[in-house]
Amino acid sequence: MRVRGFTQDDAHIFCLPEQGADEILAVLNLTEKILSDFGFTQYGVNLSTRPAKAVGSDQIWELATNALVEALDVKGWEYVTDEGGGAFYGPKIDIKIKDAIGRLWQCSTIQVDFN
């Protein structure tokens, strides 16, 4: 049968904390490949950090945020820090694609949840 639709909109990777940056980098590379296959080559990248109301220790948040930053640095992507823009359970990278008339649209999110 042919594909009629994709209904799954997320995936989860289970790994050790020390594997985080490498796994995030792999997801960034996959995301870039998929976006470029559809002709999207310009996008904005946000690093969203711990909000005022959050669960988990400072140590856990620092570990998760550092993994995201390390992956972005290795990837060489410029990004804007969205202070306090993370989910209550973890920081994230938001990738916003640019359409034909220059508008940005939230498309991909890579989030770390150690809580």
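Each Cα pair under 8 Å and six or more residues apart adds its separation to the average, and for the chain the resulting relative contact order is 30 percent.
Available extension along the chain between Ala26 and Glu78 is 17.0 nm, counting 0.36 nm per residue and deducting the alpha carbon span.
Restricting attention to the chain, the count of lysine pairs at 8 or more positions apart or across chains with alpha carbons under 21 Å apart stands at 8.
Under the convention that each Lys and Arg Cβ holds +1 and each Asp and Glu Cβ holds -1, the size of the dipole of the chain around its Cα centre is about 580 debye. In a fully extended conformation the segment linking Ala11 and Asp37 would gain 7.4 nm over its present Cα-Cα distance, using 0.36 nm per residue. Amide hydrogen proximity for Asp82: with H placed 1.01 Å from N in the peptide plane, the residues at 5 or more positions away or on another chain lying under 5 Å are Leu47, Ser48, Thr49.
We did not get these values from a lab; they are worked out from the coordinates using the rules stated. Computed from a predicted model, the values in this text were never measured in an experiment. No Cβ is skipped: glycine too gets one built from the backbone with ideal geometry, and neighbour counts run over all protein chains shown.
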